[in-house]
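Bear in mind that the values in this text are calculations on the coordinates, not laboratory data. Only a predicted model underlies this, so the values are computations on that prediction, with no experimental measurement involved. Because the Cβ atoms are built from the backbone with ideal geometry, glycine has one as well, and the counts that use them run over all protein chains shown.
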Amino acid sequence: MPQSHELSQAAHDRLVAELEDLRTRGRIELADKIERAREHGDLKENAEYHAAKEEKAKMEGRVAQIFGILENCTIIDSAGSDKVVSGSIVTLKYEGDDDDEAERYLIGSIEEQLDGVNLISPRSPLGEQLLGSSTGDSVSYESPAGTLTVIVMGIE
């Protein structure tokens, strides 16, 4: 069964726009690039042709990835929640650290990533433990270095 993805409406809209752009403009540009490279002669020794074909393969991989995400996604709204849910931005500090060492993290998919905010997957050990917690809660999780505890300082 395909993996379900939780996305904000903004991330969903951005992915739909990216998919449309890749399927239209992207494919046309790469087809033109491949055609121009073919005109340079022998395809076995044509580096420009092979580079264009590789670029096309990467683009088609991204198209398939986005299509899979959109096909199996749920739109979530984390606004106004007093509990950590997928899509929340949380301020965390590790137990024993000072309050000024707290950092902000987005709980969500890599497709949700925001500038200046670190990302925690809701499927990671820390992400799983954070879901459902509230401001002031201490949450422990297993890491390769042993059990670590973080304190939820705030939820946006």
Exactly one of Leu15, Leu7 is in contact with a strand residue (DSSP E or B) (Cβ under 6 Å, 6 or more places away or on another chain) and not hydroxyl-bearing (Ser, Thr, Tyr), and that one is Leu7
Scan the stretch 73-100 for residues that are under 16 Å from Ile120 (Cα atoms) and either touching a helix residue (DSSP H, G or I) at 6+ places or on another chain (Cβ under 8 Å) or hydrophobic (A, V, I, L, M, F, W, C) (or both) and jot them down. Val84, Val85, Gly87, Ile89, Val90, Leu92, Lys93, Tyr94
Which numbered condition Glu71 misses (of (1) surrounded by 15 or more Cβ atoms within 10 Å (Cβ to Cβ); (2) closer than 29 Å to Arg14 by Cβ; (3) of a type outside the set (A, V, I, L, M, F, W, C)): (1)
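If a residue must be among the β-branched types (Val, Ile, Thr) and in contact with a Pro (Cβ under 9 Å, 6 or more places away or on another chain), how many such residues does the stretch 85-102 contain? Lay out the reasoning, then the answer.
Let us first name the residues in the stretch 85-102 that are among the β-branched types (Val, Ile, Thr), namely 85, 89-91.
Now drop any that are not in contact with a Pro (Cβ under 9 Å, 6 or more places away or on another chain), which leaves 85.
So the answer is 1.
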In the stretch 27-50, what residues are surrounded by 11 or more Cβ atoms within 10 Å (Cβ to Cβ) and of a type in the set (Val, Ile, Thr)? Ile34
Between residues in the stretch 89-117 that are surrounded by 12 or more Cβ atoms within 10 Å (Cβ to Cβ) and residues that are among the β-branched types (Val, Ile, Thr) and assigned to a helix (DSSP H, G or I), which pairs lie under 7 Å by C-beta distance while being six or more apart or on different chains? Glu111/Ile69
Which numbered condition trips up Thr24, out of (1) exposed (fewer than 14 other Cβ atoms within 10 Å of the Cβ); (2) touching a helix residue (DSSP H, G or I) at 6+ places or on another chain (Cβ under 9 Å); (3) of a type in the set (Val, Ile, Thr)? (2)
The residue that is farthest from Arg123 (Cα to Cα), considering only those in the stretch 1-54 that are among the hydroxyl-bearing types (Ser, Thr, Tyr) and without any contact (Cβ under 8 Å) to a residue 24 or more places away in the chain, is Tyr49
Determine if the stretch 117-138 includes at least one residue that is basic (Lys, Arg), assigned to a loop (DSSP other than H, G, I, E, B) and under 29 Å from Asn72 (Cα atoms). yes
Qualifying residues in the stretch 98-156 (those that are more than 24 Å from Ala10 (Cα to Cα) and among the charged types (D, E, K, R)) - the one farthest from the chain's Cα centre (by Cα): Asp98
